[in-house]
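Notes to accompany the following structure.
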Amino acid sequence: MRFHEQVEVHGHLMDTGVLARVLDDVLAYGGDYRVDKIDLGRTHDDESHAVVTVGAESASRLARILMRVQVHGVNKLVPGEARMCVADADGVFPEDFYSTTNLETVVHLDGQWVPVEHPEMDCGLIVSGGRVRTVPVADVRAGDVIVCGIDGVKVVLPVSDHSTRLHGEFASMSTFSSTAAQPQAVLVKAIARQIREVKAEGYQVLWVAGRAVVSTGASRALTALVEAGYVDVLFGGNALATLDLERALFGSALGLGSPHSRRVQRGNEQHIRTVNTIRRAGSIRAAVESGLVTKGVMHAMVKAGKSFVLVGSVRDDGPLPDVYTDVVAGQRAMRAALRGVGFTVMVATTLHSVATGNILPASVPVACVDTNPSIVSGLTDRTSAQALGVVADAGLFLEQLATELVPDYQT
């Protein structure tokens with residue numbers, strides 16, 4: 001006996017390859033399919049619509065397949081009513097919990113479609129007081145009411161055209177491979193236009209930056225972007241902040257002097273002295289407000305009243321007093337900082353970029369910048385349907401972007 005369910009999907013199914021990916025995923029998860037209906041529209045701008053019957057050997061496998069293909073915007077043709085179970089332990093979902101995507105999601109409760117607050121991938125859905133929100137597994141508590149199974153849950157793909165918040169040129173560029181040979185200057189201009197548009201509409205710009213921002217000499221460019229109002233939230237690690245503060249306090253970072261000087265001796269000692277200095281001050285903010293730190297990215301963030309979240313790792317020296325050493329607490333702080341974010345720039349940090357991509361709604365456009373094409377490709381595939389990859393040196397990218405956005409900025 002096989003179990004079957006009819007599903008449907010809307011969008012530009014052929015030119016984006018969505019339908020092919022849906023059918024590949026069905027087969028990869030051990031199911032089968034039959035295409036019942038497909039309407040390609042009359043013009044290039046028309047959306048397509050397909051109805052497919054998906055089959056599997058068991059109800060549980062079919063449910064998993066249907067959850068899997070929802071990442072492509074696939075929904076049950078007859079969605080039904082949401083089914084809910086009560087969590088029986090802290091930090092544990094019910095066995096057949098609904099696993100979320102980062103797409104806009106609605107849940108059918110008591111005959112009404114209720115929007116999910118703060119869409120995020122790899123979470124569960126908690127129902128309380130007629131509202132539905134995402135909840136990570138670490139935060140679920142015994143007694144919480146959790147949506148289970150696929151019934152009564154629909155997702156909506158983000159708008160890719162005709163939206164004031166998604167710049168048309170940027171959206172069309174994001175459909176190309178991140179390794180495609182596109183002039184870097186064209187990509188930088190598109191990103192600059194997107195940032196201006198997002199800021200003009202009252203949204204915030206999130207930056208996720210790695211230590212290469214300092215080590216490539218681009219901290220001056222990022223500082224100028226902060227001061228010009230184009231950095232509202234900054235995510236990073238202990239290394240980014242420490243190297244930036246080290247340069248501010250000692251004139252060089254981790255043994256790197258000026259281009260004309262010899263390597264600074266005992267660079268690691270200077271590094272740990274920086275950490276110690278900030279720890280003695282109590283925090284980065286205290287060090288800036290006391291006049292101890294007078295320049296750099298972190299100085300500019302504090303002076304501008306902008307938010308930053310630093311999450312550490314086992315490699316960190318110190319770490320700085322502002323760094324979250326509990327990664328779950330760090331995740332919570334990152335989630336809290338996402339309110340109002342309309343665009344994200346990820347520069348030269350794989351781990352923090354992946355972590356950010358995991359908690360971003362798919363509706364937030366992303367620009368991923370790295371020198372490694374495979375990293376750029378992996379991040380753009382993971383983050384959002386509106387992700388643009390730029391294979392470039394972090395320093396050169398930031399210098400070009402600052403030139404585009406900051407009047408009178410000189411490289």
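The values are calculated or read from the model by the stated rules, or taken from the named source; none is laboratory data. Since the model is a prediction, treat every value here as computed from it, not as a measurement. All Cβ positions, even for glycine, are placed from backbone atoms using ideal geometry, and neighbour counts span all protein chains on display. SASA here: full protein model, heavy atoms, side chains in, ligands and nucleic acids out. Shrake-Rupley method; radii C 1.70, N 1.55, O 1.52, S 1.80 Å.
Remarks
- Packing-based order for 62-73, 109-120, 299-310, using average beta carbon neighbours within 10 Å, highest first: 62-73, 299-310, 109-120
- Carbon and sulfur %, accessible surface of the chain computed with the full protein complex present, 1.4 Å: 51
- Computed magnitude of the charge dipole of the chain (debye, nearest 20; Cβ of K, R +1, Cβ of D, E -1): 1440
- The listed residues Phe235, Phe3, Phe250, once ranked by accessible area (1.4 Å probe) with the largest placed first, stand as Phe250, Phe3, Phe235.
- Cα convex hull of the range 9-48, projected area averaged across orientations, nm²: 2.8
- Thr43/Arg193 FRET efficiency (R0 25 Å; Cβ-Cβ; nearest 0.05): 0.40
- The range 181-213 and the range 46-64 have their alpha-carbon centroids 37 Å apart.
- Considering only Ala56, His118, Val86, the residue lying farthest towards the positive end of the dipole of the chain is His118, judged by Cα position with unit charges set on Cβ.
- Cα gyration tensor, the range 290-336 - rounded (a/c under 1.5), prolate or oblate: oblate
- Protection-proxy order for peptides 30-41, 6-17, each taking the mean of Cβ atoms within 10 Å per residue, highest first: 6-17, 30-41
- Computed from point charges on the beta carbon alone (+1 for Lys and Arg, -1 for Asp and Glu), the dipole magnitude for the range 42-162 about its Cα centre is near 220 Debye.
- You can think of it this way: the chain between Arg315 and Ser60 has 87.7 nm of extra reach, that is 0.36 nm per residue less the Cα-Cα gap.
- One chain, two ends: Ala185 and Glu117. Fully extended at 0.36 nm per residue, the span grows by 20.8 nm beyond their Cα-Cα distance.
- Ordering Val140, Ala402, Pro183 by the projection of their Cα atoms onto the charge dipole of the chain, which places +1 on the Cβ of Lys and Arg and -1 on the Cβ of Asp and Glu, puts Ala402 at the extreme positive end.
- Listed by chain and number, the lysines whose alpha-carbon sits under 28 Å from that of Lys189, ignoring those within fewer than 8 places in the same chain, are Lys199, Lys295, Lys303, Lys306.
- Expected 222 nm ellipticity per residue - DSSP helices of 4 or more, -39500 (n - 2.57), all of the chain, to 500: -10000 deg cm²/dmol
- Accessible area expressed per residue, the chain, with surrounding protein chains retained (probe 1.4 Å, Å²): 46
- Extension gain, Ala228 back to Asp15 (0.36 nm per residue minus Cα-Cα distance, nm): 72.8 nm
- Figure legend: label point modelled 7 angstrom from the Cα of Ala336 along Cα→Cβ; residues of the range 129-144 with amide N under 20 Å from it are 133-141.
- Here's how it looks for Glu117: its modeled amide H is under 5 Å from those of Val132, Arg133, Thr134, which are all 5 or more places away or on a different chain.
- Helix axis angle, 184-200 relative to the chain longest principal axis, alpha carbon, degrees: 80
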